[in-house]
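Chemist: Input: one structure, supplied below.
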Amino acid sequence: MTEGRGSASMNMVTLISLLCLLVLAESANAATYTVGGTGGWTYNTDTWPNGKKFKAGDVLSFNYDSTTHNVVAVDKSGYNNCKTPGGAKVFSSGSDQIRLSRGQNYFICSYPGHCQSGMKVSIYAV
C-alpha cells in the first residue's frame, strides 16, 4: 500500500506543530529575575547571582537610571577587562528584559569606571 502526497505533508505539519509546542512550553517555564534585587542594576551587583540557579530562556530584568547607566552583553574578555568589544549589543532603556542563552552570559555597564566598581554580572544558564 502506498501513501499519497497528503500523508507526507500531514506528517510535516504534525512535526512542526510539536516543535512549536516544545518552544512554547520552555518559554512558559522561564523565570524572571530582577538583577540586583530591589536595588536594581547598580554597583556591586557582580555577586548578585550567587546561590541562584538559572536556566536558558530565563529573563533578566535590568532596572536602572538610563541617564547614568546602560547594559552591554559582552564576551568573557569584555567581562574580565571591562571593555565593550565592537558589535556588542548595548541596552539603554533603563528597563531592559534580556533572555538568557544556554551557557555563560556576561553583562557590564560601559560607563567609565562602573564595571570596575562591580557593575557587571556573569550568569551561567543550564
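Read the figures in this text as sums done on the coordinates, not as results from a lab. These numbers come from a predicted model, not from an experiment. Quick reminder, even Gly has a Cβ in these numbers, built from the backbone with ideal geometry, and neighbours come from all protein chains shown.
Chemist: Of these, Lys76, Lys83, which one is exposed (fewer than 15 other Cβ atoms within 10 Å of the Cβ), more than 23 Å from Asn29 (Cβ to Cβ) and out of contact with any Asp or Glu (no Cβ under 9 Å at 6 or more places or on another chain)?
Modeler: Just a single option satisfies the conditions, and that option is Lys76.
Chemist: Among the residues of region 33-55, which ones are loosely packed, with under 15 Cβ neighbours inside 10 Å and touching a Leu at 6+ places or on another chain (Cβ under 8 Å)? Outline the logic, then answer.
Modeler: As a first pass, look at region 33-55 and keep what is loosely packed, with under 15 Cβ neighbours inside 10 Å: 37-39, 44, 47, 50-53, 55.
Answer for region 33-55, where residues must be loosely packed, with under 15 Cβ neighbours inside 10 Å and touching a Leu at 6+ places or on another chain (Cβ under 8 Å): just Lys55.
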